[in-house]
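A.B. asks: Dropping a structure here in structure tokens format, bear with me for questions.
The values are calculated or read from the model by the stated rules, or taken from the named source; none is laboratory data. None of the values given here were measured: they were computed from a predicted structure. Using ideal geometry, Cβ is built from the backbone for each residue, glycine included, and neighbour counts are taken over all protein chains shown. Remember, those area values only see protein heavy atoms, side chains included, never the ligands or the DNA or RNA. Shrake-Rupley method; radii C 1.70, N 1.55, O 1.52, S 1.80 Å.
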Amino acid sequence: MANERILVVEDERIVARDIEKRLKKLGYVVPITVASGEEAIKQTAEIRPDLVLMDIQLKGELDGIEAAEQIRADFNIPVIYLTAYADEATLQRAKATEPFGYILKPFDARDLQVAIEVALRRRISEEAIRVALEKERELSELKSRFWSMAAHEFRNPMTSILSAAQLLEQEKHDLPEERRREYLYVIQNAIRSMDQLLSDVLAVGRVEGGSLKFDPAPLDLEEFCQIVVEEMQFNAGLKHRIVLHQQGDCVQTFLDKKLLRHILTNILSNAIKYSPEGNDIYFELICADETVIFQVRDTGIGIPAEARNHLFEPFQRAENVGNIPGTGLGLTMVKRCLDLHGGQISIESNPGGGTIVTIQLHLNSRVKSRQA
């Protein structure tokens, strides 16, 4: 290793200058040498060195061990002790601070280099372990949140199905046709919710596991969008009208049909879900200059500003959704699919003012992938 910054803490000026000279000769950077524990802590806070060489016996209120203990606690920077002699009690105090090594005076350049290299490599290893443990902790929390959210979201439609089925059974002879249709609609709607939840969970799982591949192919985008709108309109029933408007030549494109379906169905589903009954959903398809733009606009509940920074994180939902069902996985999936496509997404929204989602892709994904 080279160019690592090392803070030297030594109260004997001649010894400090000798150490500094040796370190620079070995390729290390010595920003400063200090002579007291108090100054060592101050300089560590300011320059954040990669390593501290700390003499145990220092003049002043803090000795080297006390200074090293505070440096490790406050800044997590490794310390190597320099010492010519120390009694057993002092050595035990030094061990308690978990130093990264000891160098006994007098020492040669080889001893110095080996001790420093070992300490620096140990720091890299410990940092890698710390990062891995932190990711493991985050993953564990994410899994816990997932199962809690999934159980909650499955329980609601299952309860609706069970209640409606029981009513159909109990009142089958005296049930008016209108009420029977209402109960059947509740069952159908609940099943659709469960199916969407399963689709989102499985899709995100495939992305995170690396099994969702980017496979672009020739696609008539006008026909494809019309089919998607018809499917979404069928699911929405009479509650919402999806208005599709197209500009430019969107017939000759080269995109991943499966990923694009995930993107558009999730965006349209959100627009329908969070809009009051009777409000129209507007879907713009624009093809120009080798670029395709999908824009979905609604007049729904909108998204608070504080929630917009976390829209693409799993299981994140805005506080204003109330009792509207959802897992917070839809936009996570959209973002992953867009990343595979090399696309971009922007969201404009205000609470109560509706939402505009704009997605931009290259019409020929083969060209885009070669440029990336």
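A.B. asks: Just give me the residues in region 212-225 being open to solvent by less than 80 Å² (accessible area, probe 1.4 Å), free of Cβ contacts under 8 Å to residues at least 40 places away in the same chain and in contact with a strand residue (DSSP E or B) (Cβ under 8 Å, 6 or more places away or on another chain), in sequence order.
C.D. replies: ASP220
A.B. asks: Somewhere in region 279-286, is a residue within 30 Å of VAL251 (Cβ to Cβ), touching a helix residue (DSSP H, G or I) at 6+ places or on another chain (Cβ under 9 Å), open to solvent by less than 60 Å² (accessible area, probe 1.4 Å) and acidic (Asp, Glu)?
C.D. replies: Looking through region 279-286, none of the residues is within 30 Å of VAL251 (Cβ to Cβ), touching a helix residue (DSSP H, G or I) at 6+ places or on another chain (Cβ under 9 Å), open to solvent by less than 60 Å² (accessible area, probe 1.4 Å) and acidic (Asp, Glu).
A.B. asks: Right, here's the next one. Kindly provide the set of residues from region 57-71 that are farther than 13 Å from LEU91 by Cα and among the hydrophobic types (A, V, I, L, M, F, W, C), ordered by number.
C.D. replies: LEU58, LEU62, ALA67, ALA68, ILE71
A.B. asks: Further question on the same structure: Can you tell me which residues in region 262-308 are farther than 17 Å from ILE359 by Cα and within 26 Å of the chain's Cα centre (by Cα)?
C.D. replies: Selection gives LYS273, TYR274, ILE301, GLY302, ILE303, PRO304, ALA305, GLU306, ALA307.
A.B. asks: LYS258 versus (1) buried (at least 22 other Cβ atoms within 10 Å of the Cβ); (2) touching a Cys at 6+ places or on another chain (Cβ under 9 Å); (3) in a helix (DSSP H, G or I): which is the lone unmet condition?
C.D. replies: (1)
A.B. asks: Please specify each residue of region 34-64 satisfying the condition of being open to solvent by less than 10 Å² (accessible area, probe 1.4 Å) and in contact with a Ser or Thr (Cβ under 6 Å, 6 or more places away or on another chain).
C.D. replies: ILE56 - this is the single residue of region 34-64 that is open to solvent by less than 10 Å² (accessible area, probe 1.4 Å) and in contact with a Ser or Thr (Cβ under 6 Å, 6 or more places away or on another chain).
A.B. asks: Would you call ARG370 among the charged types (D, E, K, R), modelled with pLDDT of 80 or more and open to solvent by 20 Å² or more (accessible area, probe 1.4 Å)?
C.D. replies: Considered against the rule, which asks whether it is among the charged types (D, E, K, R), modelled with pLDDT of 80 or more and open to solvent by 20 Å² or more (accessible area, probe 1.4 Å), ARG370 comes out as no.
A.B. asks: Looking at (1) within 33 Å of the chain's Cα centre (by Cα); (2) open to solvent by less than 60 Å² (accessible area, probe 1.4 Å); (3) not aromatic (Phe, Trp, Tyr), find the lone condition where GLN70 falls short.
C.D. replies: (2)
A.B. asks: Mind listing whichever residues of region 30-60 are in contact with an Asp or Glu (Cβ under 7 Å, 6 or more places away or on another chain) and aliphatic (A, V, I, L, M)?
C.D. replies: VAL30, ALA35, LEU51, ILE56, LEU58
Residue-wise test of (1) under 18 Å from SER193 (Cα atoms); (2) not charged (D, E, K, R).
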residue	(1), (2)
ILE272	yes, yes
GLU277	yes, no
PHE283	no, yes
GLU290	no, no
ASP298	no, no
GLY302	no, yes
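A.B. asks: Also, quick follow-up: Only one of (1) loosely packed, with under 15 Cβ neighbours inside 10 Å; (2) under 15 Å from GLN360 (Cα atoms) is not met by VAL296, so which one is it?
C.D. replies: The failed condition is (1).
A.B. asks: Would you please name the residue that is farthest from GLY278 (Cα to Cα), looking only at residues in region 300-313 that are buried (at least 17 other Cβ atoms within 10 Å of the Cβ) and in contact (Cβ under 8 Å) with a residue 40 or more places away in the chain?
C.D. replies: So, considering only residues that are buried (at least 17 other Cβ atoms within 10 Å of the Cβ) and in contact (Cβ under 8 Å) with a residue 40 or more places away in the chain, the one farthest from GLY278 (Cα to Cα) is ILE303.
A.B. asks: Sticking with this structure for a sec: Right, ILE356: among the hydrophobic types (A, V, I, L, M, F, W, C), touching an Asp or Glu at 6+ places or on another chain (Cβ under 6 Å), open to solvent by less than 20 Å² (accessible area, probe 1.4 Å) and at pLDDT 85 or above or not?
C.D. replies: So ILE356 fails the test.
A.B. asks: Among all residue pairs at least 6 apart or on different chains, which show Cβ distances below 8 Å where the first residue, located in region 121-133, is assigned to a helix (DSSP H, G or I) and the second is of a type in the set (A, V, I, L, M)?
C.D. replies: ARG121/MET1; ARG123/LEU51
A.B. asks: Scan region 242-257 and give yes if some residue there is touching a residue at least 12 places away in the same chain (Cβ under 8 Å), in contact with a strand residue (DSSP E or B) (Cβ under 7 Å, 6 or more places away or on another chain) and within 20 Å of ILE324 (Cβ to Cβ), otherwise no.
C.D. replies: yes
A.B. asks: Tell me, yes or no, whether region 199-216 has at least one residue that is at pLDDT 75 or above and assigned to a helix (DSSP H, G or I).
C.D. replies: So far as region 199-216 goes, no, none of its residues is at pLDDT 75 or above and assigned to a helix (DSSP H, G or I).
A.B. asks: Taking GLY326, is it under 23 Å from the mean Cα position of the chain (by Cα) and either open to solvent by less than 60 Å² (accessible area, probe 1.4 Å) or at pLDDT below 75 (or both)?
C.D. replies: yes
A.B. asks: Is it the case, given these coordinates, that CYS250 is outside any strand (DSSP E or B), within 14 Å of ILE286 (Cβ to Cβ) and modelled with pLDDT under 90?
C.D. replies: yes
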